[in-house]
Structures are given as structure tokens and as C-alpha cells.
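Written out below as C-alpha cells is the structure these notes cover.
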Amino acid sequence: MEKVYYAHLNETVYQHTLANGLQVYMIPKNDFHKVFATFTTHYGSFDQSFISPKTGKKVNQPEGIAHFLEHKMFSMPDKTDAFETLSKFGVNANAYTNFDRTSYLFSGTKNIESALTYLLDFVQTPYFTVKSVKKEQGIIAEELRMYADYPNQRLFYGLLQNLYQKHPIHVEIGGTVESIHKITAKKLYDAYETFYHPSNMEVVLVGNFDPEAMVQLIEDNQSKKGYSKQDPIQRFMPKEPKAIRTSHAEIEMPVVMPKLGLGVKLTPSSGKEALKKDIALAILMDMYFSNSTKNYQQLLQSRLINESFEYTSIEEENAFTMAFFGDTVDPTLLKSRLTQMILALKRQKHDPVVFERHKKSTLGSFVMSLNSLESISMGFTNYLANGVSMFEVPEIIESITLKDIQAIAKDIQPKRISSFVVMPAKAQKASV
Amino acid sequence: MILIDQTKKFKTVLITLKFKRVAKVDEFAFRTLLPSVLRTKTNLYKNRQQFNEKLESLYGASLTSNTNKTGILSIIHVQLKLVNPTLALDASLFEEGLNFLKEYIYGHNTFNEKDFELEKSLLIEEVVAKENDKTRFALTRLFEEMCANELYGARVSGTKAQLEALTFKQFKKMYKDFIQKDELQIILSGDVTPENVALTQRVFPNASFSAMDFLDYETKAVNTVTEIVEHDKISQTKLNIGYRLPIRQGDPKHVAAVLFNAALGGYVHSRLFLNVREKHSLCYYVSSVYDAYKGIMFIYSGVDAKRLDLAKKVIDEEVKRMCTERISEKELALSKQALINDLKESEDSQGARQNLMYIQMLLGKTPTLAERIEKIEQVTPDDLLEVGKLLLKDTVYLLDVER
């Protein structure tokens, strides 16, 4: 077992790779009551097309299948529900699916060994039947309908649909009511057998436990299961053109004020470089759009934005985006003002004092994010996707220079800017 | 008195100011608006930009504020979150943070009318935009209908009309009154030194603490169940049901009421989740919540519009079963376990520890974790039946799809 101590943050990470390829990361925090455990597979909504390791043939699957599989993993062959069983141990269980991963997790203050053993067991026990798949379609359809009523979710995906032509980032993680009805038990088994092999998975534990005992427990559990070696998974990602799909689109929803989403499609990178660019973009946006900037004050004073205004970077495999969202009385005018401000970044001479202040603030926010076991765990898993240990992030922030900021700004192309607007639809209200 | 939660567990130091007074509906708009106006300019920071720059230079310190209602109290919470000064290697950080907070609250020899008007319009937009979240909106409407003419039914952020009516002159007058009459409590938590505490006392000599009965006893006689149906262009029906449960914090039945709610719809092992969602696939979410400061319980859910009647029927049946049949020891044990786990987990959250400390001080009772767990362990299935006897269905509110 490898042990690394990060003195400046007073954190220790234990790492161990099992014979079957499963990666185990442990971050002990002995002054906490709780343990937060996640079991994650590198399989998310992006992975719709791959080579089946069993047949060697290419498989194409319906949108939303990774999320559907996440729901179905909780059904056990003895008709019990894993969620319920975990709650019987007195721990809080959950699961979530992202673009590139699916995590099963629990947090608890007792019965940690039994709950961890059960977590490993239920995620490694696939059981799908025609009947149970049909039932789940009902629940997930309600979940999708609930999201369909969230204007911010419509805005987010609407913007990504404008920017990306082929990349699956524009597809909602849960799929659509139509696509989930194409999911069958057989398709779920195909996906499971490909992506839920231990060599494509990791366990991350944060909290109050003994690392030696935990790694032994995981070793013993896994050695009984007789996994054979699996080669790296071959996935297919459609090649995304540099150009955007459309520069503008609108929909109507029962919102009280129009909502504007504005995005810039940027050049993606991979691994640590992508993470560094992502942080540099975040600093660039802070320097010009945070509430201490002239741009922000101007937009606020001219009443084009309000407190709902936000900006973010979206960094995923083969996709890199700068995005702005907010309610506005005049989406057309806000769009044109924001576009001018964004394009001005290319020629801007950046102030080193402002840059240093935002770097310091970024560093401070990172340290503050280490306050809760949840955010350490989620952050750790997230940074691993870029091949970076979370506690190395402060060094990456420190290494960012004004040149990195300039390089991102230079990547902004007028042709790769798009907007999406949610317009208010008049709702008919009637009391009975 | 300053409350202190000394712990090396966290990477941050929280300085929280809580300003409290008895809630009055006609002051809601002012109290919600106040924290934003205070940010626009102080004697030292001439505009919002300078104010925010200062926060950034304090290693990205975050200043958050919100106004809420706890029982009959209106509380303005102001919190400054700092990186633990030892991690930031900056010894003056705590003092700078403290002075910044003082300037934020008290550094206002003048206010600017233009800033006031801008913040007012921004808040109106925010208040109106809350309607976009249909789940939350439907809950607000349930409380408005069920608790009409009660403090609980009033929108705590103030309504659009109340905000529009608030003038600059009134605002300035109410600010003076706020400074003079609100009681200020301070909570410090994190790796706080005795010097930090002494410094806080010097910077805020007006901080105090008094326990008081803040529970909301307002209630009404319920003879018939009111049903309200409204429609909107949505794809899922929001079904909310409000009940009177006249058991409040400190009542001998209080812990049993918490467990009653936990077993009914507080957790994933609870009856609503298992029957309404898992057995009948009627919804994605369905939960029950018990408010012990007011003595009400409510169920909220988002259900398939086509199967609304079945959802109502199944929920009613589950509530009835809870009230008339004794819960099994096993089921009760699960709820106890979940509740105890939550209590322990909240010890790992700096914010939750502060809230607990504050409420306990208000109540004038400071039981230890072990004592609280013991109280939970003592509850029996019969105690839950006694709770069920007091439960009274009051109002059903439906935000339905357009039919």
C-alpha cells in the first residue's frame, strides 16, 4: 500500500491496486464520526458506443442507459432492494450518474465494515428482468418529467445542444422518455459486463477508519469473486467538429422572466493539462465577470442581470466550454453586451494585481472545499478523471501564469459563441 | 456572551452573527432586503466592487447572509467563512475578517437611494423568480392556503407588493431601529484561540444571549379538509398535503413525533417511499417533513398526472395505517437508527453544529449527544400511536398539469 502525506494541507492518501485491477484510495480523518464511501465505475452517459469484451463486436446503446443501469443495480436476485438493505445498516446510501462515471455511495457512523462489504457485493451483483426493467421505466420517466420542468436544466442542455453537433455532452444524462423505453435487460447486461469490471472501477474512502483493516476487507471480498483479467475498454466517441451547430435557439416555458444562456466552445485538452486550463479559465472569468468587476457592475447597473447571473467552465472529455447563465429582462441586449465583453478578453492587457488576487481567492476556496468529507470524496474522484490527486491541486493553481490566462482568452472565436433563451409562456391558472 | 465551538476538525473558521427579534409580517421585506443594501457601500468601501475586492483578498472569504423565520423569531444570519488562518499562514486574517464584518453591519453613516432602489428591484426579481421552481412554489402555496392569517403562512422574503411599497425613508428608519433593538448573538467555530474570542468581544461589545420561548403556538380548529387545485404548464403534478400536529419542541411527545415522521416519510426505508414510489412507481420523490417549532407536518410529492387519484389514495392509506396500527419494533428500530446516524453525522458539519448550538441556547437546554440518543432509544410503538391520534389533515394543495 502506498502512502502519501501532503504536509501543507495535513492530509494523507493511501493507495492500493488489487490483483483484479480495482483501485483503492483511502483518506483517513480520525476526528470525524463519519465514513464516506464511494464505489465508482468509469461509465457514464458518454459511453453509448463500445466494443463488447465478450463478443468483440461493436455495441450501440440507447441514451440514458448508464443512469438506468444505476437505478437497476439496486434490485437484488432475492427480490430485496439494496438501498433498503443499506438503510438497515443505519447508513445513508445514494448513487449518481455523470457524463463519465457512475458512483454508488454511502455515509454512516456505524456498521461501516458490513455496509462496505455490502456495497461491493450489490454493485457486483447484476440482476435485471423484463418485469423489473418495465417498472423502472415508470419511475425514471417521472424523474425525467420532473427535470423537464426545471428551466435551468433546459437552459443548460439547450446551450450545449447549440454548441455541440455530435458529442454526447448535449444528451441529457437520464436520456429521454422515448430512449429509456428502448432499454432492455439484455442491453443492461451488455453494459454491465463491459463497464463494471473492477479494472474500470475505484473505491474511495474518506473519514474515520483504519486503512490497513479496510484494504484487507476489500482484498478478501474481491479475491473470492474470481474476476479474470479484462483488457482496457474500447469506447467510441463521435468526432466533434470545431464549428458549433447553431448560434441561437429559443424555447418557451412557464418562467416569469426570460433566461439567457451564452456559451463559447473552446479547444479541449486532456489529463492534467485540461485541468490546468479549466482552472485558468475559471480565474479568467473571475477576473472579468465576478461581482468585483466593472463588467458585472455595468450589467447590473443597466439592469440587464440580477442575482441569478452566474458563469462556469464545463470541462469534460473532448469538450471545453465557457458558459454564462442568468435571468434578464432583455436577452437580446444582454447577449450583445456579454458577447462584446467576451470578445474584448482577446485583446485585453491583464492586470497582474487582479490576477494575483483571484489566484489567492481560488486557492482559498479550494482549501475551504476540503471541509466536508463529501466534497473531499467527490472532488477526489473528479480530479482522478484528469489523472490528478486532489491534494496536488494547490500546486497546479500556483503554477498558473498570466500567459495561461492569455492563451485561453486567445482561443475565444466569435463563430463559436452561441446563445439559448427560455422565454416566458403564459400559463393558465385557475382555482377550483 | 459569545458561543464558541472550538475544534481543529475543519479547514475553516466561521464567524456568525445572528440578529433576532420577534417576527412581524410588515418587517419581512425590510429584513430580507437589508443584507443586500449593506453590501452596496460602507464608510470604508465606497462601492460594491471595492467591498467584494476586499473579500477576494481575504483568501476568497465568503460572506453569506439570509433572513429566515424560526418559530416566531425573525433572524438575520450573517456569516463570514475564512480559511483557517494557520493554513493560510496569515495571522491577521481573523482580525481583518472581524473588522470587515463590523464595517459591513455598522459602517453606514449614509445610504445611497440609487443603490437602495437597485437592490430593491433585484430582490423583487428574485422573489418573483422563485415561482420557477414548481416544487418549492407549490409548497409555498400550501402554507399560504393552510396557514392563511397565521404568521407561518406569510412569505418570509416579503411579497412583491410589500417590497415595492418599501420607501428609502422607511428603510433608513428601520435600519436605525434594527441597530438599536435587534439582539446580536455571535457564534465562533473552528480552530479559534482565546485571543480570537477576546478580540471578538472588543469588536462587538454589544453581543449578548438570551433564551426565550420562540415556539409558534398559533393554530386553528380544523373541521373539514380544504382542497385547492391550481394549474400550470408543467409536466408533473405536485401533490402537497398539510396536517396539524400539535406537538412542539420540548413537548414530552416531541421525540416520538420526530420518529413518527421518520417512519412515515423521512427516509428511504419509510412507508411513503416504499409504497408510493417503489411499490406503485407513482412518483420519483415523496417525503414528509415535521416542523416542531410550529406543530405541523406536511407531505410533498411530484406524481404522474394520469395516476393522481391512486397517489392520493395510497398516501391516505399509509397515513391512516400509521395512525391506527401499531408500528413494528423492527420498523421503529430502523427509524431510530437513521435518526441517530443523522445526529452523529451532523457533528461533522461545521454549519450544523452552529445551528444546533444556537437552538439549544435559545431553548435554554443543552443536552449532550448521548442524552439525545437515549431519548430516541426510549420511544415505543405505542408512543407513535399517541402521536398519530393528534394528526389532523388540514389542506391538500395541488399544482396540476393543464388538463
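Provide A:122, A:325 ordered by accessible surface of protein heavy atoms (probe 1.4 Å), highest first.
From most exposed to least exposed: A:325, A:122.
Translational diffusion coefficient of chain A at 20 °C, 1.002 mPa s, Stokes-Einstein with Kirkwood Rh over Cα pairs, in µm²/s as a whole number.
Answer from the Stokes-Einstein relation: 91 µm²/s.
Can you classify the protein assembly as shown as rounded, prolate or oblate using the Cα gyration tensor, where a ≥ b ≥ c are the square roots of its eigenvalues, rounded means a/c under 1.5, and otherwise it's prolate if a/b beats b/c and oblate if not?
It comes out rounded by the Cα gyration axes.
Mind ranking A:272, B:41 by accessible surface for me, highest first, 1.4 Å probe?
A:272, B:41
Mind grabbing the accessible area of residue A:147 for me, 1.4 Å probe, Å², rounded to tens?
Result for residue A:147: roughly 60 Å² accessible.
Give me the summed buried accessible area for the B-A pair, 1.4 Å probe, to the nearest 100 Å².
Counting protein atoms only, the buried area is about 6100 Å².
What are the ³J(HN,Hα) couplings of segment B:10-26, residue after residue, when phi is run through the Karplus curve with 6.51, -1.76, 1.60 and θ = phi - 60°? Round to Hz, x for glycine and proline.
Whole-Hz 3J(HN,Hα) from phi for segment B:10-26: 10, 8, 10, 10, 10, 10, 10, 10, 10, 10, 10, 7, 5, 5, 10, 4, 6.
Using a loss threshold of 50 Å², tell me which positions in segment B:222-258 are less accessible in the complex than in their chain alone. Probe radius 1.4 Å, ligands and nucleic acids ignored.
With the partner chains in place, segment B:222-258 has these residues losing at least 50 Å²: B:231, B:233, B:235, B:236.
Based on C-alpha coordinates, I'd like the Rg and Dmax of segment A:1-151, in Å.
Calculated on Cα positions, Rg and Dmax stand at 17.9, 54 Å.
Using a 7 Å offset from the Cα along the Cα-to-Cβ direction at both residue B:159 and residue A:413, what is the distance between the two label points in nm, to one decimal?
5.3
Would you mind checking the tilt of helix A:151-163 against the longest principal axis of the Cα atoms of chain A, expressed as 0 to 90 degrees and rounded to 10?
80
Using Cα-Cα distances under 8 Å and only pairs 6 or more residues apart, what relative contact order does segment B:244-370 have, in percent?
This gives 22 percent for segment B:244-370.
Which of the GluC sites (Glu not before Pro) across segment B:365-403 are loop residues per DSSP, with 15 or fewer other Cβ within 10 Å?
B:402
Can you tell which of B:303, B:203, B:78 shows the greatest fluctuation in a Gaussian network model of chain B with Cα springs below 10 Å?
With Cα springs under 10 Å in chain B, the top fluctuation among B:303, B:203, B:78 is at B:203.
With every protein chain left in place, what is the accessible area per residue of the protein assembly as shown in square angstrom, probe 1.4 Å?
I get 41 Å² per residue for this part.
Run the simple label-point estimate for residue B:112 and residue B:368 please: 7 Å along Cα→C-beta, distance reported in nm.
5.5
Where in segment B:207-302 are there GluC sites (Glu not before Pro) that are in a DSSP coil and have at most 16 other Cβ atoms within 10 angstrom of their Cβ?
B:218
Using per-residue counts of other Cβ atoms within 10 Å, averaged over each peptide, order A:329-340, B:185-196 from highest down.
B:185-196, A:329-340
Can you show me the helix-derived [θ] at 222 nm for chain A, built from DSSP H runs with n ≥ 4 at -39,500 (n - 2.57) apiece and divided by the number of residues, rounded to the nearest 500.
It comes out at -12500 deg cm²/dmol, rounded to the nearest 500.
Given B:24/B:120; A:79/A:225; A:335/A:426; A:242/B:134; B:253/B:393, which pairs have Cα atoms separated by over 28 Å?
Flagged as over cut-off: A:242/B:134.
When a/c is below 1.5 the answer is rounded, else prolate if a/b is larger than b/c, else oblate, so apply that to segment A:151-281 with a ≥ b ≥ c taken from the square roots of the Cα gyration tensor eigenvalues.
Prolate shape, in that a/c is at least 1.5 and a/b is the bigger ratio.
Could you state how much accessible area residue B:178 has, in square angstrom rounded to the nearest 10, with a 1.4 Å probe and all protein chains kept in place?
Per-residue accessible area (residue B:178): approximately 0 Å².
Defining a contact as two alpha carbons under 8 Å apart and six or more residues distant in sequence, what relative contact order in percent does chain A show?
Relative contact order comes out at 21 percent.
Read phi for every residue in segment B:281-287 and hand back ³J(HN,Hα) as whole Hz from Karplus 6.51 cos²θ - 1.76 cosθ + 1.60, θ = phi - 60°, with x for Gly and Pro.
3J(HN,Hα) across segment B:281-287, in whole Hz: 6, 7, 7, 9, 10, 7, 9.
Hey, can you grab everything whose amide H is under 5 Å from the amide H of residue A:34? Only 5+ residues off in sequence or another chain; H modelled, so Pro and N-termini drop out.
Counting only residues 5 or more places away or on other chains, the set is A:208.
Just to confirm a number: summing +1 for Lys and Arg and -1 for Asp and Glu over residues other than residue A:59 whose beta-carbon lies under 12 angstrom from that of residue A:59, what do you get?
It works out to a net charge of +3.
Volume per residue, Å³, of the convex hull around the alpha-carbon atoms of segment B:141-207?
160
Using Cα atoms only, what is the angle between the long axis of helix A:112-123 and the major principal axis of chain A, expressed in degrees (0 to 90) to the nearest 10?
80
Using a 1.4 Å probe over the heavy atoms of the protein chains, calculate the carbon and sulfur portion of the accessible area of the protein assembly as shown as a whole percent.
52
How far apart, in nm, are the 7 Å Cα→Cβ label points at residue A:382 and residue A:369?
Calculated label separation equals 0.4 nm.
In 10 Å bins starting at 0, how do the alpha-carbon pair distances of segment B:258-332 split up by percent?
19, 53, 25, 2
Of all DSSP beta bridges located in chain A, what percent are antiparallel, nearest 5?
Bridges in chain A are about 80 percent antiparallel.
Let me know the whole percent of all Cα-Cα pairs from segment B:45-186 that are separated by more than 21 Å.
58
The values are calculated or read from the model by the stated rules, or taken from the named source; none is laboratory data. Note that this is a predicted model, so its numbers are computed, not measured. Quick reminder, even Gly has a Cβ in these numbers, built from the backbone with ideal geometry, and neighbours come from all protein chains shown. Remember, those area values only see protein heavy atoms, side chains included, never the ligands or the DNA or RNA. Shrake-Rupley method; radii C 1.70, N 1.55, O 1.52, S 1.80 Å.
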